[in-house]
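The values are calculated or read from the model by the stated rules, or taken from the named source; none is laboratory data. What you see is a predicted model; the values in this text were computed from it and never measured. Every residue, glycine among them, receives a Cβ derived from its backbone with ideal geometry; neighbour counts consider all protein chains shown. The protein model used for the area step is the full one, side chains on, heavy atoms only, and it has no ligands, DNA or RNA in it. Shrake-Rupley method; radii C 1.70, N 1.55, O 1.52, S 1.80 Å.
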Amino acid sequence: MTDSIAKMPTGIVIFDDCGDESRTLDLQLAPFGYAVTHVAAASDLIATVRETDAPFLLVRTRAPEIDAERRKALTELCEEIPETAIIFLTDQGSLNARVNAIRCGATAYITAPYSAFDIVDRLESLGGLNQDQPYRVMIVDDDPQIARYHEAILHQANITTVIVPDASETLNVMTEFRPELILMDFYMPDYDGRELAAAIRQEPAYDSIPIVFLSGEGDRDVQQRVMRIGGDDFLTKPIRPDHLLGAVLLRARRFRSLRAMMLRDSLTGLLNHTATKEQVSIALAGARRRGQDLAFAMLDIDMFKGVNDTYGHPVGDQVLRSLSLLLKQRLRTTDIIGRYGGEEFVVALPETPLSNATRVLNDIREGFSEIEQPSHIGPFRVTLSCGVATFPVNDGVEALTEAADKALYGAKRNGRNQVMQAS
């Protein structure tokens, strides 16, 4: 695995009229891996955004309205660098102030009082942390020419595909590929689409995966019978590329959204306990097949009960969210991050040897300890402990979990706030 497992800092430009007060944001955003550059002069705005290659611009202002010079600079920025996301941070919550911000190109609008967590949360929602992975579509078709044609159309929309020419291999491929939609020819040798869809629906794990049939069958009665046993759409060949993409994207997006609601922890947005174990099992199978390393870590917030007792459960929830945001920001989209339960988190790093994983987790541990957690009593800081184990030294989800858990408790016994490798 490459040594560049950790992400490079993300650039942010802060355009403000708040003086030195806004410099405190630098310290608050730094643990999340953001490199902040300030610009005060409107004439320097575009040049600064270009030089830093920053995807985000934070506009801080106390004034009820943006002055003409700053408004002109923001308008020109939108025209010259339209991909820059502009987020307003302001005391003004009126509709008029919001509309004025929109006229200046605002992508998001955050009103005081706000914290670094609110900003990082919004950056994540704008796509700044974990970009969505391409949708995964399985094409079941015995005609290779037609299958490749449909695959080419989907690739134009950055959709990952796998072609299954032999329908008898459908369930085997699904186990490994985990499709978010199945594009299926209706008439095939050995099995027709109706029979294959019914067999897929017999597996509870596959009950909600969208199945879109492609066929020259124009009989509406036949189509309706197929839909009743598990089809989600019936597209008649030949189909226009834009119609195919529209049908696929609509259903894949809906499936991913619904699945995320079922598989993710409501507080942190991370994978829940069951989904985490499932994803680690899949990653482990891939590592075993390819003969690659996989690092597995368990992280636990130190003295978390004391946080809840001293500051209250809402602040405790804030601490949990801050760690989840940090993990999502610092790790790759290919890494698995889950909330295992309570204040305990799990991370799996594919293609990562023990030394690299330990270094990255230590960076995360140090970053977390630097985050100032606001409270009604005053700001405070929290630390975490971590145990890390690897495959193939530990082969199996249970073996990895047990080894990492022992290392975690070793870190706790040794004084907390440290990363310990499994022996």
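Structural remarks
- Here the simple spin-label model places points 7 Å from the Cα toward Cβ, and for N362 and S266 these points are separated by 4.0 nm.
- Split the accessible area of the chain by element, probe 1.4 Å, and carbon with sulfur accounts for 50%.
- Each DSSP beta bridge with both residues in the chain is either parallel or antiparallel, and the antiparallel ones are about 35%.
- Relative to the longest principal axis of the Cα atoms of the chain, the long axis of helix 144-155 lies at roughly 20 degrees.
- Under the simplified labelling scheme, the Q145-A40 pair shows an inter-label distance of 7.0 nm, with each label point 7 Å from Cα along Cα→Cβ.
- Per-residue 3J(HN,Hα) values for region 329-341, derived from phi via the Karplus relation 6.51 cos²θ - 1.76 cosθ + 1.60 with θ = phi - 60°, read 6, 7, 9, 7, 5, 7, 7, 9, 10, x, 8, 7, x Hz in sequence order (x marks Gly and Pro).
- Order of exposure, largest accessible area first, which applies to K328, K406, K277, K412 with probe 1.4 Å: K406, K277, K412, K328
- Between R288 and D309, the FRET efficiency from the beta-carbon distance, with R0 = 56 Å, is close to 0.80.
- T107 accessible area, 1.4 Å probe, all protein chains in place, Å² to nearest 10: 80 Å²
- Full-stretch length increase - R178, T75 - with 0.36 nm per residue and alpha-carbon distance subtracted: 32.7 nm
- Estimated from helical segments only, the mean residue ellipticity of the chain at 222 nm is -13500 deg cm²/dmol, where each DSSP H run of four or more residues counts as -39500 (n - 2.57).
- Within the full protein context, the accessible area of H313 is estimated at about 120 Å² for a probe radius of 1.4 Å.
- Counting every pair of alpha carbons in the chain, the share spaced more than 34 Å apart comes to 46 percent.
- Listed by chain and number, the lysines whose C-alpha is less than 21 Å from the C-alpha of K412, apart from same-chain residues fewer than 8 away, are K305.
- Residues I102 and I163, FRET efficiency given R0 of 56 Å [Cβ-Cβ distance, rounded to 0.05]: 0.80
- Paramagnetic label zone (point 7 Å from Cα along Cα-to-C-beta, T334; backbone N under 17 Å) in region 382-405: 391-392
- Only Lys, Arg (+1) and Asp, Glu (-1) charged, at Cβ; region 244-305 dipole about Cα centre in debye: 480 debye
- Dipole in debye (nearest 20) - the chain, about Cα centre, beta carbon charges: Lys, Arg +1; Asp, Glu -1: 580 debye
- Within straight-line reach of K277, meaning a Cα separation under 16 Å, sit the following aspartates and glutamates at least 8 residues removed in sequence or on another chain: E176, D265, D335, E344, D395, E398, E402, D405.
- Simple rule: put +1 on each Lys or Arg Cβ and -1 on each Asp or Glu Cβ in the chain, find the dipole, and look at A40, G93, V280; the Cα lying farthest toward the positive end is G93.
- Ordered by solvent-accessible area of protein heavy atoms (1.4 Å probe), largest first, the residues D26, D242 come out as D242, D26.
- Only Cα pairs under 8 Å and 6+ residues apart enter the sum, and on that basis the relative contact order of the chain stands at 12 percent.
- Of S423, S322, S369, the order by accessible heavy-atom surface (1.4 Å probe, DNA, RNA and ligands excluded), from most exposed downward, is S423, S369, S322.
- Computed FRET value (nearest 0.05) for T274 with S115, which takes r as the C-beta separation and R₀ as 35 Å: 0.65
- Restricting the trypsin sites (Lys or Arg not before Pro) of region 22-113 to loop positions (DSSP other than H, G, I, E, B) with no more than 16 neighbouring Cβ atoms within 10 Å leaves R62.
- For the chain, the solvent-accessible area works out to 47 Å² per residue, with a probe of 1.4 Å and every protein chain left in place.
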